[in-house]
Structure formats: structure tokens, C-alpha cells
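The values are calculated or read from the model by the stated rules, or taken from the named source; none is laboratory data. This one's a predicted model, so the numbers in the text were calculated from it and none came from an experiment. Every residue, glycine among them, receives a Cβ derived from its backbone with ideal geometry; neighbour counts consider all protein chains shown. What goes into the accessible areas is simple: the full protein's heavy atoms, side chains included, and nothing from ligands, DNA or RNA. Shrake-Rupley method; radii C 1.70, N 1.55, O 1.52, S 1.80 Å.
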Amino acid sequence: MLQDTGSVKEETKRVLQELFQKYEAQGIVSIYLYGSITGPDFDPYTSDVDSIALFERDVPIELESEMQQFLVERAPEIHKFGVRILYIDELEHFTERSNLAYFIPPRALVLDFPYWEHVAGRIFNAKDFPHVSYEDGIKSMQGVLQKWDWNDIEHVQNEKIQNYVKVLARMLWCIDGAQGRQYPFSYSTLTHR
């Protein structure tokens, strides 16, 4: 296992650039790192390494699993190395078609986009997507709770508790942003504030 943040990040980028080259013909447009790997609280022993592959057009949902398997095979030493497919129009029009957008609404993703780190392909900036307020982010996270019938903890099945807590954490992050405390989304930052 790679033991320092710099080594993990360097190897992560190398493997993601290979991933980009392998899937470019299938419509991958760009790859970004997001989450704790882009911030100061990354721990190579416990933190996930999250990445997003942006696509211009629909691809079979199985492609995400195939891409995930590629990462595991190419970099088994990186702890919880993951990739999620996201469609550009999800960020432009706030539709929800990908697995990632099902769990994190596109409005919340657009809010977090300025903190993502470009790895390969086309470079986007926040101005490429519609403006989203933190209040919009709060409403979109409330929509997730309603969509999943999670308006209170009693409706959440035991195996879904982790997802419920993640939704609440994103909602707290949006509330912080609405109150002027803007920072990259991070579970550990939320727990230490």
C-alpha cells in the first residue's frame, strides 16, 4: 500500500490517465478527482479515492463496473479507489441518470465542482454550468430524503443508514455554505467543525 498522500495522488492520476485513454473512444470526455483526495484531510490508509468520469453521451451502466475493475487491477495498492460515471448534461440541466446523480443530486455536485481536480481530458470550469446557490443544494438534498422516503430516521432500513448519514452530511455542508462557510465537501471537516 502506498503510504503518503503525494505517492497515492501521483499513482492515482497515472492510472486515471490510462483509464481515460482506454475509454476515450466510448465517449469519456474528462476525468476529475473529488472528495478527500483533493484536500488536506486525506489519509492514505483510510480515505476513499474518488474520481468522476464525465461522459457526453449515454453509455451502458455496466461500463462503470468495468472501469472500476480496471482501477482495481491497475492499482490494487490504492485503498478504495473508485470511479463514477456522470453525464455532462446532468450538471448542465440537473437531470439524474447516472448512479452518482442518484445519490448526490447534480445541484450539489455543481456546488462542489470548484474543488474537483482535473486529471485528464477536457477542462471544465464552474462557469460551464448553471449557477447553483447553497439554498438550492439544501433543497436538492431534501429531495433525496423525500425520494427515498427518508424524512425521519425511523423509515431508514439498517443497511441504508450510511447513505442516510451521507445525505445529511451533504445537507449540513450546504447549510454551512449558505451561512458563508464555504469549503470543499469533506466528511472529516464536517465532524471537526
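Only strands (runs of 3 or more DSSP E) whose full extent lies in region 1-91 are considered here, and none of them has at least 3 residues that are open to solvent by less than 60 Å² (accessible area, probe 1.4 Å), under 30 Å from Leu190 (Cβ atoms) and among the β-branched types (Val, Ile, Thr). Each residue in region 67-94 was checked for being hydrophobic (A, V, I, L, M, F, W, C) and out of contact with any strand residue (DSSP E or B) (no Cβ under 6 Å at 6 or more places or on another chain), and 4 pass.
When you scan region 139-162, do you find a residue that is at pLDDT 90 or above and open to solvent by 50 Å² or more (accessible area, probe 1.4 Å), even just one? Yes, there is a match, as at least one residue in region 139-162 is at pLDDT 90 or above and open to solvent by 50 Å² or more (accessible area, probe 1.4 Å). In the set (1) out of contact with any Ser or Thr (no Cβ under 7 Å at 6 or more places or on another chain); (2) assigned to a helix (DSSP H, G or I); (3) open to solvent by less than 20 Å² (accessible area, probe 1.4 Å), the condition left unmet by Val132 is number (2). Considering Val8, Val15, Val29, the condition of being under 27 Å from Thr95 (Cβ atoms) and either within 18 Å of the chain's Cα centre (by Cα) or at pLDDT below 95 (or both) is satisfied by Val29 alone.
For region 92-124, taking the residues that are farther than 21 Å from Gln162 by Cβ and small (Gly, Ala, Ser), the one that is least open to solvent (accessible area, probe 1.4 Å) is identified as Ala120.
How many residues does region 122-143 hold that are within 13 Å of Ala53 (Cα to Cα) and more than 17 Å from the chain's Cα centre (by Cα)? Selection size over region 122-143: 1. Per the conditions (1) open to solvent by 50 Å² or more (accessible area, probe 1.4 Å); (2) small (Gly, Ala, Ser); (3) under 15 Å from the mean Cα position of the chain (by Cα), the sole criterion not satisfied by Gly180 is (3).
Within region 86-105, residues that are under 18 Å from Trp173 (Cβ atoms) sit with their Cβ atoms under 6 Å from residues that are open to solvent by 10 Å² or more (accessible area, probe 1.4 Å) and hydroxyl-bearing (Ser, Thr, Tyr), at 6+ positions apart or across chains, in these pairs: Pro105/Ser140. How many of the residues in region 116-142 are touching a helix residue (DSSP H, G or I) at 6+ places or on another chain (Cβ under 6 Å) and not β-branched (Val, Ile, Thr)? Matching residues across region 116-142 total 11.
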